[in-house]
Structure formats: structure tokens, C-alpha cells
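Participant: The following block contains the structure, expressed as C-alpha cells.
The values are calculated or read from the model by the stated rules, or taken from the named source; none is laboratory data. The structure presented is a predicted model; accordingly, all values stated were derived computationally and were not measured. Neighbour counts are summed over all protein chains in view; Cβ atoms, including those assigned to glycine, are modelled from backbone coordinates with ideal geometry. Calculation scope for accessible area: heavy atoms of the full protein, side chains included, ligands and nucleic acids excluded. Shrake-Rupley method; radii C 1.70, N 1.55, O 1.52, S 1.80 Å.
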Amino acid sequence: MELSQAPIGIYDSGVGGLTVWLALKRLVKQDLIYYADTAHVPYGDKTRDQILSYSQTIIGFLAEQKVRAVVAACNTSSALALPVLTPPSGIKLFGVIEPAVREGISATKNKRVGLMATVGTVESGSYQDLFRRHAPDIDFFPQKCPKLVPLVEAGLTDGPEVEQALEEYLEPLMEAGIDTLILGCTHYPFLLAPIQRITGPKVAIIDPAHQTAKDVWSWQKQYADNPNPRDVFWTSGDPRDFQAKASFFVDRQIGPVRHHSPGQGETEE
Ligand code: DGL
């Protein structure tokens, strides 16, 4: 076991990656550096080149913070950027899609699996390719859900507007007879209660955060635990806004949150 300690970086377009951060905090005793790219949220409607450029900038910035691993706690970046991105040397990259597919394959009994995800993730074909490769006998039903990230980022996790959007997106999946639903965007676990009201208890819901955190944990156990792990937060947007929003979503006061403007240095709030 190596004694040296180094932080683990996590990034997303906004609050969604906090679902992965929460799962990681439960398992991994290391400093965690969370980067919310709220200047560019939502990622779901951006081009591959844009997502690649944002992801490269963030990973480069996290590398400067001396992280030893980076978790793309974002399906859209995992789908569009990770397959074509070269990580800085010595940095291990984790994505959320492969763990989600593994869990989806082992959960389904009737071999009908649904996916809720951003437009970018669905159109990338990443989930479809992995299912085709590893479980060609499974019928896979991807659903684009463009309204959900803006609702979650606005702090709306239930209520009529959320229900209406979820009904629209889940209706075709329920009609297709799925018994397993992958939440293919890290923002969606914050909508778990209204999602389950629609799917009922018979549909297994896959939140990729848990399997991703397990993957990171089993890789990093070669290093000594940090007895006093610290949490650091960065955002490309408004730090006070992110601090308030993130504290609401993780149900505890987080902070401080620092501001990072790509190419223009950093300031602390
Ligand atoms: N939470 C991210 C994902 O998993 C990004 C969603 C977005 O910003 O549109 O895809």
C-alpha cells in the first residue's frame, strides 16, 4: 500500500455530480475536489466539441490541484468527451456510463431496459453501443429528457412541472414494458421520489453513482486512507449561488466555494 495521499477530483455541469460526491464520501476516505461548471450548464444541448473543451479544461485544472484521479460525474461528458480525451499523465479517469450499464444488465429480468438521459448522451449512442456489445439480447429504450436538468438546477425536485415532464418522458418507457430504468444523468437521482411514483415499485431504478463510487473505492484502496479528508468546491459560475444550491441538495452546509474562470485565475468567496 502506498502511503502518499492525493485528492480525487469530481466534475459535472452543476449540482448533478453531487449524487456521485455523496456516494464517494460514504466509501472513499480521501480529499475530494468538486468542480461545478455552472457557467456552461446544461451540458445536454451542447456539441461534442464544446463538451470536450469544457471537460479538458476542468481535468487540466484538477490536475493542477494535484489530484490522482478524476471522476466525470456527468453522463454527457462521459459519453462525449471521455472516449476521445487523453488524460494528463498519472491521472486515472472514471466515467459513469460503464458502471451504469453493468448494473442495468445484472438488474433486468425481462431484458427490457430503459434509459433517461440528456439529448447529448442519447445521441452519442454510448449506452446503446455498450448494451449491444455486452448484452445483445436486451431490448434497450433510450429517452431524451431535455427539461429535467434546468428544473433540478432551478431547485425544483417535485411538483406539477416536474411531474408533467416526467410523465411525458416515462410514458413511452412504461409502455415498452421495461423492468429496469437507468438514471443516465447524474441530476436525475434528485427526482427519485416523483420518478418512483410513476414507475411503481416493480421497476428497478439504477443510480450509477453507487457503482461508480465502488469502482473508485476498489481502485484507490492501494493508497492509505486520509484520516481527515477535506472537501473543496470550485465553480465556473457564481460561488454563492452554487454554495446555497449544493447545500440544499446534499442537506448540509458545504463550503467554501471558490470561483474559477478558465484562463483567468481563481478567487475565493
Ligand atoms: N449531470 C450531467 C449528466 O449526467 C449533465 C447534465 C446537463 O448539464 O445537461 O449528463
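Participant: Among what's in the stretch 118-160 and is outside any loop (DSSP other than H, G, I, E, B) and among the acidic types (Asp, Glu), pick the residue that is nearest to the ligand (Cβ to nearest atom).
Facilitator: Within the stretch 118-160, the first condition is being outside any loop (DSSP other than H, G, I, E, B), and the residues that meet it are 119-124, 126-134, 139-144, 148-153, 160.
Subset that is among the acidic types (Asp, Glu): 123, 129, 139, 153.
On the way: GLU123: 12, ASP129: 17, ASP139: 23, GLU153: 8 Å.
Taking the candidates together, the pick is GLU153.
Participant: Separate question: Does the stretch 56-75 hold any residues that are within 16 Å of the chain's Cα centre (by Cα), more than 20 Å from VAL232 (Cβ to Cβ) and away from the ligand (no atom under 16 Å from the Cβ), and which are they?
Facilitator: none
Participant: Considering the stretch 174-202 alone, what residues qualify as being away from the ligand (no atom under 16 Å from the Cβ), crowded, with 22+ Cβ neighbours inside 10 Å and over 18 Å from GLU98 (Cβ atoms)?
Facilitator: ILE178, the sole residue that qualifies.
Participant: Further question on the same structure: Those residues that are within 20 Å of ASN75 (Cβ to Cβ) and not acidic (Asp, Glu), I need them from the stretch 200-216; list them, please.
Facilitator: Passing the criteria: VAL203, ALA204, ILE205, ILE206, PRO208, ALA209, HIS210, GLN211, THR212, ALA213, LYS214, VAL216.
Participant: Pick from SER89, SER78, SER53: which is crowded, with 22+ Cβ neighbours inside 10 Å and either within 10 Å of the ligand (Cβ to nearest atom) or farther than 16 Å from THR180 by Cβ (or both)? Working first, answer last.
Facilitator: Working: SER89 fails: crowded, with 22+ Cβ neighbours inside 10 Å; SER53 fails: crowded, with 22+ Cβ neighbours inside 10 Å.
Answer to the selection: SER78.
Participant: Looking at (1) touching a strand residue (DSSP E or B) at 6+ places or on another chain (Cβ under 8 Å); (2) at pLDDT below 95, which is the only condition LYS92 fails?
Facilitator: Exception for LYS92: condition (2).
Participant: Inspect all residues belonging to the stretch 234-247 and state whether any of them is out of contact with any strand residue (DSSP E or B) (no Cβ under 8 Å at 6 or more places or on another chain) and closer than 29 Å to SER4 by Cα.
Facilitator: No, the stretch 234-247 contains no residue that is out of contact with any strand residue (DSSP E or B) (no Cβ under 8 Å at 6 or more places or on another chain) and closer than 29 Å to SER4 by Cα.
Participant: Here is a follow-up. So is LYS245 farther than 23 Å from LYS92 by Cβ, modelled with pLDDT of 95 or more, among the basic types (Lys, Arg) and open to solvent by 20 Å² or more (accessible area, probe 1.4 Å) or not? Full working, then the answer.
Facilitator: Details: farther than 23 Å from LYS92 by Cβ: yes; modelled with pLDDT of 95 or more: yes; among the basic types (Lys, Arg): yes; open to solvent by 20 Å² or more (accessible area, probe 1.4 Å): yes.
Taking the combined requirement at face value, the residue satisfies it.
Participant: ARG240 is checked against (1) open to solvent by 60 Å² or more (accessible area, probe 1.4 Å); (2) over 30 Å from GLU167 (Cα atoms); (3) in contact (Cβ under 8 Å) with a residue 60 or more places away in the chain and fails just one. What number does that condition carry?
Facilitator: Only one criterion is unmet by ARG240, namely (3).
Participant: On to the next question. Within the stretch 142-165, is even one residue within 19 Å of LYS202 (Cα to Cα) and of a type in the set (A, V, I, L, M, F, W, C)?
Facilitator: Looking for residues that are within 19 Å of LYS202 (Cα to Cα) and of a type in the set (A, V, I, L, M, F, W, C), one finds none in the stretch 142-165, hence no.
Participant: Could you grab me the full set of residues in the stretch 7-32 that are open to solvent by 10 Å² or more (accessible area, probe 1.4 Å) and either touching a His at 6+ places or on another chain (Cβ under 7 Å) or not in a loop (DSSP other than H, G, I, E, B) (or both)?
Facilitator: Scanning the stretch 7-32 gives THR19, LEU22, LYS25, ARG26, LEU27.
Participant: Further question: Looking only at the stretch 161-193, how many residues end up being closer than 11 Å to ALA117 by Cα and not in a strand (DSSP E or B)?
Facilitator: 5
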